[in-house]
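Asker: Structure in structure tokens, see below.
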Amino acid sequence: MNLLKTQLHRMVAAFMALIGSTVLASANKPEPWQMTFQEAATDNMTTITDFNNFLLILMTIITVFVLALLLYVMLRFNAKANPTPSKTSHNTLIEVLWTVLPIVILVVIAVPSFRLLYFQRVIPEVEMTVKAVGYQWYWGYEYPDHGDFAFDSLMLDDDERGDQPRLLATDTAMVVPVDTTIRVVVTGADVLHSFAMPAFGLKIDAIPGRLNETWFKANKTGTFYGQCSELCGIRHAFMPIRIEVVEKEAFASWVEKAQEEYAEIDSSNGQFAGLQNLTTPRQ
């Protein structure tokens, strides 16, 4: 009996560990057959998720209510159950209700929607700025507040990526400190791109000749993956985004090393791109 209990406890512990690891992984990258959002890593994404769940509940209630009305009408007023139909053409109460209720529903949706939009668009006082530049077909990052160094980030193929997820692995990453308000200035060097990080609730176009800006404040450490979300050419599907969120002490150490490593690199020339980005997309 004791042996059975021990085995049962081990199975439960293994199952809970599997669930925990799956939830943790979903915060970093998409999972096979995933139907929900990635786990939020910022307050912005938490609000987006809550708003989405609220709308889902509201739509379900409306759909069930309309379905119930349709079933009632079909059963109550069909020719067999109601051989002598009513000749009523107007009902003041019903007409008022079907005018007022949709307005009330739209107001209920609009209030949190505008609140979320304001939260996203109004950038608070920032602690640092990172510039993200979209190229065909990779990303470049610049740190104007930390010595103005810059570097490019290229996708790794299957032989190079190691434990990183396929088609999301990169040789370098945007590194930022946790619990820090960060402004991201986004632009494109050639064609339209889009900088998107699902776990942060970020998606903003990178437009040549124009600077767009957004912000985020990551509340957990880890590695987070995104992709370009604007059709930008033959290798559009092969320009991933990797953001490393680290503790502030680790970020300070990384900045010191990065200033030395990238001191002579001019990211605007895309020197890291090489010829591999002009070849046929990897299979």
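The values are calculated or read from the model by the stated rules, or taken from the named source; none is laboratory data. All of these numbers come straight from a predicted model, not from anything done at the bench. Positions of Cβ are generated from backbone atoms using ideal geometry, with glycine treated the same way; all protein chains shown enter the neighbour counts.
Asker: For Ser86, work out the one condition from (1) under 30 Å from Val178 (Cβ atoms); (2) of a type in the set (Gly, Ala, Ser); (3) without any contact (Cβ under 8 Å) to a residue 60 or more places away in the chain it doesn't fulfil.
Answerer: Single failed check for Ser86: (1).
Asker: List, please: which pairs have Cβ atoms under 6 Å, are six or more places apart or on different chains, and start with a residue in region 122-137 that is polar (S, T, N, Q) and end with one that is in a loop (DSSP other than H, G, I, E, B) and surrounded by fewer than 19 Cβ atoms within 10 Å (Cβ to Cβ)?
Answerer: Gln136/Asp190; Gln136/Gly233
Asker: Related question: For region 171-185, give me each residue that is closer than 12 Å to Gly226 by Cβ and either out of contact with any Asp or Glu (no Cβ under 8 Å at 6 or more places or on another chain) or part of a strand (DSSP E or B) (or both).
Answerer: Listed by number, the residues that qualify are Met174, Val184.
Asker: Any residue in region 211-232 that is in a helix (DSSP H, G or I), modelled with pLDDT under 95 and of a type outside the set (A, V, I, L, M, F, W, C)?
Answerer: no
Asker: Test each condition in (1) modelled with pLDDT under 95; (2) surrounded by fewer than 18 Cβ atoms within 10 Å (Cβ to Cβ); (3) at negative phi for Gly147 and report the one that comes out false.
Answerer: Checking Gly147 against (1) modelled with pLDDT under 95; (2) surrounded by fewer than 18 Cβ atoms within 10 Å (Cβ to Cβ); (3) at negative phi, the one that fails is (3).
Asker: Right, Thr214: within 16 Å of Ser153 (Cβ to Cβ), in contact with a Lys or Arg (Cβ under 8 Å, 6 or more places away or on another chain) and touching a residue at least 60 places away in the same chain (Cβ under 8 Å) or not?
Answerer: It is false that Thr214 is within 16 Å of Ser153 (Cβ to Cβ), in contact with a Lys or Arg (Cβ under 8 Å, 6 or more places away or on another chain) and touching a residue at least 60 places away in the same chain (Cβ under 8 Å).
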